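Quick notes on the structure that follows.
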């Protein structure tokens, strides 16, 4: 889907239509005073509402220091305090109205809410589902590549580390 379509879904869509946005994202949509923000788990998104004579200014950034720097550069540095920034929670659409300061009374709608206790306690079943989901996500990514390219993948503390650690432990245990 295009970025424009994804942004349209965040601004006008239901939680289910936002859930259908595939991949990693942090999006903002605005229609007049109404603003909707949404992000996936891996994309931080903070916002800050600054007071201006002509009305509130909504700042959105990945990092809190970026918000602070902009406020200082624009002459609003005295308004900044870290506790005044808000983090958009992952897997939620946050809707605010640009009508005043300091807090726009946000409305939160969860768009990703997987069922709990879906699996029995069978670790083999859980493992197959986990590895299967990972394989499907990797396949979707590979299908989007324009042509064959060398690819490197870093798994940090995930399934490969657990398996490598277990192999190392069993190898050491077996060597006496």
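Test residue 129 against the stated conditions and say whether it is at pLDDT 80 or above and surrounded by 11 or more Cβ atoms within 10 Å (Cβ to Cβ). If you could, list the steps in order and put the result at the bottom.
On the way: at pLDDT 80 or above: yes; surrounded by 11 or more Cβ atoms within 10 Å (Cβ to Cβ): yes.
Spelling it out, residue 129 is indeed at pLDDT 80 or above and surrounded by 11 or more Cβ atoms within 10 Å (Cβ to Cβ).
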Inset, instruction - Look through 112, 80, 76 and report the one residue that is modelled with pLDDT under 95 and either assigned by TED's automatic domain parsing to the domain that holds residue 139 or under 21 Å from the mean Cα position of the chain (by Cα) (or both). - result: 112
Inset, instruction - Determine which member of the set 107, 18, 35 is surrounded by 12 or more Cβ atoms within 10 Å (Cβ to Cβ), under 30 Å from residue 141 (Cβ atoms) and in contact with a strand residue (DSSP E or B) (Cβ under 7 Å, 6 or more places away or on another chain). - result: 18
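The values are calculated or read from the model by the stated rules, or taken from the named source; none is laboratory data. These numbers come from a predicted model, not from an experiment. Cβ sites come from the backbone with ideal geometry, for glycine too, and all protein chains shown count toward neighbours.
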